[in-house]
Every structure is written in C-alpha cells, then in structure tokens.
Amino acid sequence: MPDAPPRDPSQWILPTVILETERLRLRAFVEGDIDDVYAACTDPELQRWVPIPSPGTPYTREAAERWCRETTTLLRTSGDGQQWAMEERESGRLVGCVGLLRTLWPAMNTEIGYWVSPWARGRGLATEAAVAVSRWAIDQGFQRVEIKAATDNAGSRGVAERAGFTLEGVERSAMPLHAGRADLAVYSLLPADLGR
C-alpha cells in the first residue's frame, strides 16, 4: 500500500480483516459477544480508565448491543478506524477489545485503544494485540501510531512500553473520566522504529 493516503475521502476506510497472534484471534464483534462485552464494560476497574459510553453515563446492556451490532461497523465505515474483538484462540471466549481510532487520514496517523476483560487480565494479551494491530497499521501505510493512556494507569502504560512505543510526553487534563479529568501519557510508534 502506498505511503500517501487515498485522494478520495470516500476511500478512507480500513478493510475488514482478521488478525491472528499466538494466543488471539482479532475479529469483528458479533451478536454472541454481547454478554461478555456487557460484563467487561461494567467492571469498575475498566470504567475507572475507560469512560464508556461517555463520562458520567452508566454502561448498559443496550450499549453492549449497539456496540456489537452497529457501532463497530459505523466506526470503520466512517473512516474513524477499526475495532476488533480479542478472542482467545484456545477457549474461543471474548477477552477484550483492541482498535484503531481517531484516524487522521491526510496525515496517515492513527491511535490504538484497548481494554481487557477482568477474567483475562495480567496475561499480556493487550500487549500481544497492540503489537499485531500497530504493525498491521504500519503495513497499511500509516506513518504514526499512537497510544494514549492516563498517567496513573500503570497497566495501560505498560502495554505501550512492552509493545515498543516511545513515550513522547504528557497531554495535561486531556481525558474526561467518570470521576474528573486525567493527564494522558502519549506514546508513538513510527515505521522507522521497526527498522524500515
């Protein structure tokens, strides 16, 4: 794929693709994921750092249904990015979400976001997914891939560091959470970082 973005904005859509890693299958969300998405997204630790559906709004089963049935497709077809369900290959169970978001096509920049279900944390799955998605994005021609994490969110920051991203600095008061605002640590990965 060329380094330059498509000239026609209607082509600023990522292809539907399944990515596989040693332990994960990254695929589209499906109807059967609704219960696990709802269980994961109502977890207090996830809600502490990921204010979904929006700051101050409780996560509902209807939000999980919309996410699996509509929202992820709309994000991709709008050109914003792409969301993958993280499915554990061995068990077939949903263990999280990883995606590209806030894609800036003219600059060929994108950002990775992720969350891991409470039943799958502490096993390095988010790092494995972030490596797969960031390398895939660079293979698609992206020139900058970012990860932004609340400065106090040690787990998410550890994912960025283990995935080979470089800390660039802090965006002050950049993220509205359910309980106030957070500073964001900004990490980046460039094609040159991979020896290209």
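Checking (i) -0.66, -1.05, -1.10, -1.22; (ii) -0.48, -1.07, -1.22, -1.53; (iii) -0.53, -0.98, -1.07, -1.25 against log10 I(q)/I(0) by the Debye sum over Cα atoms at q = 0.11, 0.16, 0.17, 0.19 Å⁻¹ calculated from these atoms, the matching label is (ii). Using a probe of 1.4 angstrom and keeping all protein chains present, the accessible surface of the chain works out to 49 square angstrom per residue. Of all accessible surface on the chain at a 1.4 Å probe, what whole percent is carbon and sulfur? Whole-percent figure for carbon plus sulfur exposure: 51. With the contact rule set at Cα under 8 Å and sequence spacing of 6 or more, what percent relative contact order holds for the chain? Worked out over the chain, it gives 20 percent.
Legend: calculated FRET efficiency, residue 123 to residue 193, from the Cβ-Cβ distance at R0 = 25 Å, rounded to 0.05, equals 0.50.
The values are calculated or read from the model by the stated rules, or taken from the named source; none is laboratory data. Note that the structure is predicted; figures quoted are calculated from it, not measured. Positions of Cβ are backbone-derived with ideal geometry, glycine not excepted, and every protein chain shown enters the neighbour counts. Each accessible area value is taken on the protein alone, full model and side chains, heavy atoms only, with ligands, DNA and RNA left out. Shrake-Rupley method; radii C 1.70, N 1.55, O 1.52, S 1.80 Å.
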